[in-house]
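What follows is one structure encoded as structure tokens, with my remarks underneath.
The values are calculated or read from the model by the stated rules, or taken from the named source; none is laboratory data. Because the structure is predicted, anything quoted here is derived from the model rather than measured. Because the Cβ atoms are built from the backbone with ideal geometry, glycine has one as well, and the counts that use them run over all protein chains shown.
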Amino acid sequence: MLAFISLVAGILLHIPDGFLSLVISLLCWLAAVVMLAVAARKAQVDYDERLIPVAGVMAAFIFAAQMLNFPVAGGTSGHLIGAALAFIVLGPWLGLLVMTAVIALQALLFQDGGLIVMGANILVMGLVPGFVGYGVYRLAANRSKSFKLAAAGVGAWLSIVAAALVTALLLAFSGTANLDIVVPVMVGVHMLIGMGEALVTVAALTFIMRSRPALLDESAATAGGRWVLAGLGIALLVVLFAPYASPSPDGLEWVAGQQGFLETALDAPYQFLPDYTIPGLGETGLSTIVAGLVGVLVVTAVILLVGRLLKRPQRSQSGA
Amino acid sequence: MRADTFDRYIRRESLVHRLDPRLKVVVALVFILATALLPDGAWLGFALSWLLIFWLTRLAWLPYRVVWKRSLVIVPFLLAAVTVLVNVPGTAVFTWQIGPFTLAITDAGLVRFVSILIRGWLAVQVAILLTAVTPFPDLMHALTHLRVPAILVSIISFMYRYLFVLADEAQRLMRARQARSARLPGTGLHGGSLFWRAKVTGHMVGQLFSRSLERSDRVYNAMLARGFQGRMLTINPHVMRRFDWLAGGTAVSIIVLIQLIARNDLHIY
């Protein structure tokens, strides 16, 4: 069962059509389109007419890299998802274009992920993991090599966890999954998957640093630290706005629960079945809000903490 | 690997294949949008939508089996949607006692779950049908005409062009790894720890990246040598014929009709 879940979890980030509410899908498209417009302009400045061949071949590279798998245990295998790596080695703007091409081709050709929800998939597999991974990596910008690698590893891990969290929240707010179950399960499973992502990303970067040291210095020249904030800002916006946009009864209940929460004197205006409270996971709409927010805040806190740790000057570094 | 390894197009000489790709993209999007808009428990609407897909498959001279097989990609999402069973207030159908947990599946939850599944399944079949009856380059061309930014379309087209080339490289890397990873028969050992295996894979990814970057350089030089000026050109002007307008109008009318019938049907019960 666990094997099946972990096998499936990688695919779980490709949301199919019909699993998100229309309003949420459009909201995600809006966010994606705005960021893509910025990315296209910035990348064009950097690459000029080279942009198309470089981005196209690199997108094919990410697709091919996802084919490189390694046996994990009991017949399952892990592979790279690649958003963090793409953003780190190509820079955020080219990285976003590349990941968008990968997502679009997977949806158009293989139906991995839907068309109407493609905006959400760009958010979940491109924007959020890319900026989170890149942001953490940039925090170690002027540090030693091993420091950078450690930051990339943490960033890659966080990128997968953040992607899973946002996917779970989008599904729950669309009324296609139970928030109390889907958030801990998705985040939990992807905490494991993220470790594979971190290992492979770090190893790939080690190789690239050795074979093409100039490349990473180049992409490090583009401005940095605020990308953590950009990535998180987008994630938070979606998380906060999605429930208000949700047309499904669950989403409305969720908002109703929140209003009950704001006017603390009121009871929650709806009743769950008395039989199916799930201890430890929460039993009211109130706890679901808290769960969602706590999730995002935990990720933020971890990133900031990691940032602090990395920023602390380390004189004893040997710079392996 | 061959150039068409990843191709999903199935060549036929049917009416559907000959339609203008722009029209096919628009109708497919409208159809997917419409399935997403069908309310929970609109069984009649679901059935009619499926019939339309089935009929279009026949009209395209394709065996429905192909669409069915490819539509199984959404099965993993069963897992995410299954959690919706226990959240919806309603009359309990089943209750389970698992240790301290009591899980109740309600009738409303069941309707929601099945509806989500059917909607997702219908939408994915429409997309499958679209890619089966439209060659990928035509699809890209249609997207350009539909005002998708040319730069994005060009990147996706390029990716498509080099997909099998780089997938081939990836396979070669894996073959090389396999050739160097001797394994004692019957032990099931893969050699090295999990950590080591991930590291080796990471190095392979890095290697593939280096090769891809070099290749993109060569490709760009070759393009310059052939007079590339930053824009992809085409000699295939798609023209909407009267039949295309007619077919598109009919398809959209049927989709709207299904939507009306489905909603009407829900009001009766």
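Restricted to the range B:130-148, and to residues there that are among the aliphatic types (A, V, I, L, M), in contact (Cβ under 8 Å) with a residue 12 or more places away in the chain and farther than 14 Å from B:Arg18 by Cα, the residue that is surrounded by the most Cβ atoms within 10 Å (Cβ to Cβ) is B:Met140.
Which of the residues spanning the range A:140-191 are of a type in the set (Lys, Arg) and crowded, with 21+ Cβ neighbours inside 10 Å? Passing the criteria: only A:Lys148. For B:Ile10, the requirement of being within 18 Å of the chain's Cα centre (by Cα), at pLDDT 95 or above and of a type in the set (A, V, I, L, M, F, W, C) is not met. In the range B:1-35, the residue that is nearest to the other protein chains (Cβ to nearest Cβ) out of those that are touching an Asp or Glu at 6+ places or on another chain (Cβ under 6 Å) and under 30 Å from A:Val23 (Cβ atoms) is B:Ile32. Please work out if A:Ser159 is within 13 Å of the chain's Cα centre (by Cα), at pLDDT 70 or above and of a type in the set (S, T, N, Q). Spelling it out, A:Ser159 is indeed within 13 Å of the chain's Cα centre (by Cα), at pLDDT 70 or above and of a type in the set (S, T, N, Q).
How many residues, within the range A:131-169, are over 26 Å from A:Ala31 (Cβ atoms), in contact with a helix residue (DSSP H, G or I) (Cβ under 6 Å, 6 or more places away or on another chain) and not small (Gly, Ala, Ser)? Adding up the residues that qualify gives 1.
In the range A:47-65 there is no residue that is surrounded by fewer than 22 Cβ atoms within 10 Å (Cβ to Cβ), within 18 Å of B:Phe6 (Cβ to Cβ), more than 7 Å from chain B (Cβ to nearest Cβ) and in contact with a Gly (Cβ under 8 Å, 6 or more places away or on another chain). Here A:Val166 does not fit the description of being outside any loop (DSSP other than H, G, I, E, B) and at pLDDT below 80. Taking the conditions exactly as written (in contact (Cβ under 8 Å) with a residue 24 or more places away in the chain and either surrounded by 20 or more Cβ atoms within 10 Å (Cβ to Cβ) or at the interface with chain A (Cβ under 7 Å from one of its Cβ atoms) (or both)), does B:Leu173 satisfy them or not? It is true that B:Leu173 is in contact (Cβ under 8 Å) with a residue 24 or more places away in the chain and either surrounded by 20 or more Cβ atoms within 10 Å (Cβ to Cβ) or at the interface with chain A (Cβ under 7 Å from one of its Cβ atoms) (or both). Summed over the range A:181-195, the residues that are touching a residue at least 40 places away in the same chain (Cβ under 8 Å) and within 9 Å of A:Ile160 (Cβ to Cβ) give a count of 2. Filtering A:Phe110, A:Phe147, A:Phe87, A:Phe131 for residues that are of a type outside the set (Gly, Ala, Ser) and either on the phi > 0 side of the Ramachandran plot or within 11 Å of chain B (Cβ to nearest Cβ) (or both) leaves a single hit, A:Phe110. Counting only helices (runs of 4 or more DSSP H) that sit wholly inside the range A:51-114, those with at least 3 residues that are at pLDDT 90 or above and farther than 20 Å from B:Ala170 by Cα are A:92-110.
Quick one: how many residues across the range A:190-241 are modelled with pLDDT under 85 and more than 13 Å from the chain's Cα centre (by Cα)?
Number of matching residues: 19.
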